[in-house]
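Participant: Here it is, the structure, as structure tokens.
The values are calculated or read from the model by the stated rules, or taken from the named source; none is laboratory data. All figures in this text were calculated on a predicted structure; none of them were measured in a lab. Don't worry about glycine lacking a Cβ; one is built from the backbone with ideal geometry, like all the others, and counts go over all protein chains shown.
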Amino acid sequence: MSYETISLEIENKVATIIINRPKMMNAFNEQLIWDMGAATDLVKNDDQIRALVITGAGRGFSAGADLTERDTSWKDTKDALVRGYSPFLKNIIEMPKPVIGSINGAAAGIGAALAMACDLRIMAKDAYIMSVFSNIALVPDGGLSFLLTRAIGYARAFEYAIEAKKIQSDECLEMGIANKVVELEDLVFETKKWAEHLAKRSPQALSHTKRLMNASLIKSYDEIFAEEADIQNNIFGSPENMEGVNAFLEKREADFK
């Protein structure tokens with residue numbers, strides 16, 4: 001499938017979505033929203049894909065919404081958010097496989113929300129995340145109020161949002177937003193290596209762990225304990241479980257089909 005504003009590459013069970021509007025710093029117009037929806041639908045539902053990488057072409061990850069766009073199908077801003085952005089962001093959050101945000105430059109506005117919707121983040125040293133909305137008298141959207149606050153806590157998230165301050169890569173690493181920070185010239189290689197490593201892990205383990213850990217942020221200890229017990233009971237003795245055990249005993253790398 002071809003897209004107007006992104007490219008989708010699949011190799012070694014890893015899908016890579018590259019936002020491809022570099023002249024606009026990968027800002028979101030309506031077509032990009034629909035392309036992201038279609039691509040994330042495809043990746044989410046393809047069991048042969050074990051991991052997803054999202055990155056941007058050129059100098060930035062995404063500068064946010066394209067404020068120069070005038071002719072759209074949206075009734076209003078709420079329609080754009082609920083009918084446009086929400087489906088692909090929820091695809092990323094609910095996708096039963098790990099999603100790595102490979103942040104090559106600015107991730108601002110809705111671009112920050114996209115970065116924070118990913119499960120894992122690897123950043124170039126000069127990259128940053130920025131809730132830029134207050135600069136134009138707006139509030140964070142795309143779920144950023146939720147995602148940033150749960151990641152770094154209320155006081156810090158509120159400060160960065162109301163002052164529209166950049167969260168530089170070293171700060172992201174210190175606060176746990178970024179998992180890794182690398183030189184820009186190493187970003188593609190290190191991202192690919194990480195994604196391919198994850199793609200070799202047990203799909204059922206990664207999928208259930210992602211769901212459990214997301215749920216743990218809004219559910220009680222007892223609820224999560226019970227869900228863990230149910231899932232463990234269902235997958236114990238499964239082909240993937242047995243392959244993992246046999247690989248451990250035979251001192252070899254597991255081959256999860």
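Participant: Could you grab me the full set of residues in segment 210-230 that are among the basic types (Lys, Arg) and over 24 Å from the mean Cα position of the chain (by Cα)?
Facilitator: none
Participant: Which of (1) modelled with pLDDT of 95 or more; (2) closer than 25 Å to THR16 by Cα does LYS257 not meet, given it meets every other one?
Facilitator: (1)
Participant: So which residues in segment 148-170 are touching a strand residue (DSSP E or B) at 6+ places or on another chain (Cβ under 8 Å) and either on the phi > 0 side of the Ramachandran plot or of a type in the set (Gly, Ala, Ser) (or both)?
Facilitator: Within segment 148-170, ALA164, SER169 qualify.
Participant: A further question follows. With a cut-off of at least 3 residues that are buried (at least 23 other Cβ atoms within 10 Å of the Cβ) and touching a residue at least 12 places away in the same chain (Cβ under 8 Å), name the strands (runs of 3 or more DSSP E) lying wholly within segment 3-106.
Facilitator: Per the criteria, 14-19, 51-56, 99-103.
Participant: Which residues, taken from segment 157-172, are assigned to a helix (DSSP H, G or I), surrounded by fewer than 16 Cβ atoms within 10 Å (Cβ to Cβ) and charged (D, E, K, R)?
Facilitator: GLU159, ASP170
Residues checked against (1) buried (at least 16 other Cβ atoms within 10 Å of the Cβ); (2) in a helix (DSSP H, G or I); (3) not assigned by TED's automatic domain parsing to the domain that holds MET123:
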residue	(1), (2), (3)
GLU174	no, yes, no
ALA178	yes, no, no
GLU185	no, yes, no
LYS193	no, yes, no
ARG211	no, yes, yes
PHE225	no, yes, yes
ASN234	no, yes, yes
GLU243	no, yes, yes
ASP255	no, no, yes
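Participant: For segment 139-149, check the following and say yes or no: at least one residue is touching a Phe, Trp or Tyr at 6+ places or on another chain (Cβ under 9 Å), in a loop (DSSP other than H, G, I, E, B) and of a type in the set (D, E, K, R).
Facilitator: Checked segment 139-149: at least one residue is touching a Phe, Trp or Tyr at 6+ places or on another chain (Cβ under 9 Å), in a loop (DSSP other than H, G, I, E, B) and of a type in the set (D, E, K, R).
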